[in-house]
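The values are calculated or read from the model by the stated rules, or taken from the named source; none is laboratory data. The shown structure was predicted, so the numbers you read here are calculated from the model rather than taken from an experiment. Positions of Cβ are backbone-derived with ideal geometry, glycine not excepted, and every protein chain shown enters the neighbour counts.
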């Protein structure tokens, strides 16, 4: 047990999905898991364990932003023995070729966060996904006919930039596909502790074209993303 998690040792599977929203964690467990069991409810940051296609898997809400995610990921790895962590979330689009409802597989995660920059001194550490998870997700998405893009994601600590898109400067010109708020910290912690991590996001609103999807489309897209993530997670 920790100050943030009252689960007992063994309550989590080695493979854990990480949505930011606690209610999305509940929805994932109730919609996709067999024999779902609530294992954590501290601060209403809900965690569940069950099975998917007969294999054990967990879901734990990570909260919003890299500081919150870093707490849960650190504890999942070092207290509860998680070996595979897959973030499932939504993101904004930074490239016109990425359409709403497309998936972004975050091959790398650029960031403005001091969580990453503050640890490496003069070096610009590059947080990257586990290649095996990335390859599996790409192959499964392609086989299922899902539109996906693999590339660089921006993990920003700022949601409302004072200068709007100008706050992102040259990132879109250098192939950054989307923006969210957690992947870089996840990848950095996974590298530090020698575990596997991947971020899969559904692009729900494009900052370039201003396209966005409604609530019904968002739910359908999230279902595809979660099923893909679960298939990848239990394959390891």
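Could you tell me whether residue 224 is in contact (Cβ under 8 Å) with a residue 24 or more places away in the chain and closer than 21 Å to residue 23 by Cα?
yes
Here 185, 190 are screened, and the one residue that is in contact with a helix residue (DSSP H, G or I) (Cβ under 6 Å, 6 or more places away or on another chain) and in a helix (DSSP H, G or I) is 185. Residue 89: within 12 Å of the chain's Cα centre (by Cα), assigned to a strand (DSSP E or B) and surrounded by 18 or more Cβ atoms within 10 Å (Cβ to Cβ), yes or no? Against the criterion (within 12 Å of the chain's Cα centre (by Cα), assigned to a strand (DSSP E or B) and surrounded by 18 or more Cβ atoms within 10 Å (Cβ to Cβ)), residue 89 qualifies. For a quick check of your reading of the model, give me the residue pairs whose first member lies in the range 175-188 and is under 13 Å from residue 90 (Cα atoms), whose second is assigned to a helix (DSSP H, G or I), with beta-carbon atoms closer than 6 Å and at least 6 apart or on different chains. From the range 175-188, the pairs are 182/66; 182/69.
Of all residues in the range 189-216, how many are over 25 Å from residue 78 (Cα atoms) and either within 18 Å of the chain's Cα centre (by Cα) or in contact (Cβ under 8 Å) with a residue 60 or more places away in the chain (or both)?
12
Here residue 115 does not fit the description of being out of contact with any helix residue (DSSP H, G or I) (no Cβ under 6 Å at 6 or more places or on another chain) and either part of a strand (DSSP E or B) or touching a residue at least 24 places away in the same chain (Cβ under 8 Å) (or both). In this structure, does residue 72 turn out to be surrounded by 20 or more Cβ atoms within 10 Å (Cβ to Cβ) and farther than 26 Å from residue 118 by Cα? No. Only one of the listed residues (172, 127) is buried (at least 19 other Cβ atoms within 10 Å of the Cβ) and more than 15 Å from the chain's Cα centre (by Cα). That residue is 172. With respect to (1) closer than 20 Å to residue 72 by Cα; (2) modelled with pLDDT under 95; (3) over 14 Å from the mean Cα position of the chain (by Cα), the lone exception for residue 219 is condition (1). Only one entry of 157, 224, 231 meets the criterion of being within 17 Å of the chain's Cα centre (by Cα), modelled with pLDDT of 90 or more and assigned to a loop (DSSP other than H, G, I, E, B), and that entry is 157.
Kindly provide the set of residues from the range 23-48 that are closer than 18 Å to residue 74 by Cα, crowded, with 19+ Cβ neighbours inside 10 Å and touching a residue at least 24 places away in the same chain (Cβ under 8 Å), ordered by number.
Filtering the range 23-48 for residues closer than 18 Å to residue 74 by Cα gives 39-43, 45-48.
Restricting the remaining residues to those that are crowded, with 19+ Cβ neighbours inside 10 Å gives 39-40, 45-48.
Listed by number, the residues that qualify are 39, 40, 45, 46, 47.
Just to be sure, is residue 146 at pLDDT 95 or above, surrounded by 15 or more Cβ atoms within 10 Å (Cβ to Cβ) and more than 20 Å from residue 197 (Cα to Cα)? Outline the logic, then answer.
Working: at pLDDT 95 or above: yes; surrounded by 15 or more Cβ atoms within 10 Å (Cβ to Cβ): yes; more than 20 Å from residue 197 (Cα to Cα): yes.
When the stated conditions are applied, residue 146 passes them.
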